[in-house]
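Q: Sharing a structure here in structure tokens format.
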Amino acid sequence: MPRLNTRILLSCAAIGVVTGLLFMVTGGLHIIVITIAPWAYGALIGMYFLPGAIAQGTYRLPLVGLITIVLAGLLTAISPIQSLGWAVFAYLVMIGVLQELPWAVTGYRRRTRTGAVIGSLVSGALLGLLFALVFQGKTGSVWLDVAQASLTVVSVLLFTLLGWVIAKALHRAGVGRA
């Protein structure tokens, strides 16, 4: 298994800090959406898959996605702006584990965009089901629960693909090359 050197770890930290700042700025939006339209909450969830997707697409090495999202989670958890504190850290670690699972299942032999897409679809479906159970009854309609779960799947997929697009741009800029 390839080792993570200082250059890669610093790049993961940079990605984690930038996305952690994004999470801090948008933290209040989650409370507003949950209060006003809980069925639309799934549209925001995919954003948390962005740091791991960027790191995985850039380096395609074991654990870079988890390390990056843990660093973003640490920054978000200590933020005075983010209202959830350390609860958001646990949630982000769970997402990092979900992102690493598809590649870990194959022993990190197949680290492709297709694997990331399949993993994002499965992760989005699991989270969509979880949120449908958590928000059950708050939407007042089975169709809104289905919409929420569908928005979660689509959001996770779109942010994963966005992460890989950003990773490709980083490759063109020389980041992630040997």
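The values are calculated or read from the model by the stated rules, or taken from the named source; none is laboratory data. Since the structure is predicted, the reported quantities are computational estimates derived from the model, not experimental observations. For neighbour counting, all protein chains shown are included, and Cβ atoms are generated from backbone atoms with ideal geometry for every residue, glycine included. With ligands, DNA and RNA removed, areas are computed over all heavy atoms of the protein, side chains included. Shrake-Rupley method; radii C 1.70, N 1.55, O 1.52, S 1.80 Å.
Q: Quick one: which of LEU44, LEU21 is at pLDDT below 95, in contact with a Leu (Cβ under 8 Å, 6 or more places away or on another chain), open to solvent by 50 Å² or more (accessible area, probe 1.4 Å) and over 19 Å from HIS171 (Cβ atoms)?
A: LEU21
Q: Among the residues of region 48-88, write down those that are buried (at least 20 other Cβ atoms within 10 Å of the Cβ) and of a type in the set (Phe, Trp, Tyr).
A: Hits for region 48-88 are TYR48, PHE49, TYR59.
Q: Select from region 89-107 the residues that are surrounded by fewer than 19 Cβ atoms within 10 Å (Cβ to Cβ) and over 22 Å from MET24 (Cα atoms) and write down the one among them that is modelled with the lowest pLDDT.
A: Looking at residues that are surrounded by fewer than 19 Cβ atoms within 10 Å (Cβ to Cβ) and over 22 Å from MET24 (Cα atoms), I get GLY107.
Q: Could you please find all residues in region 116-165 being of a type in the set (Val, Ile, Thr), open to solvent by less than 10 Å² (accessible area, probe 1.4 Å) and at pLDDT below 95?
A: Initial filter on region 116-165 (of a type in the set (Val, Ile, Thr)): 117-118, 122, 134, 139, 142, 146, 152-154, 156, 160, 165.
Of the ones still in play, those that are also open to solvent by less than 10 Å² (accessible area, probe 1.4 Å) are 152, 156, 160.
Matches in region 116-165: THR152 only.
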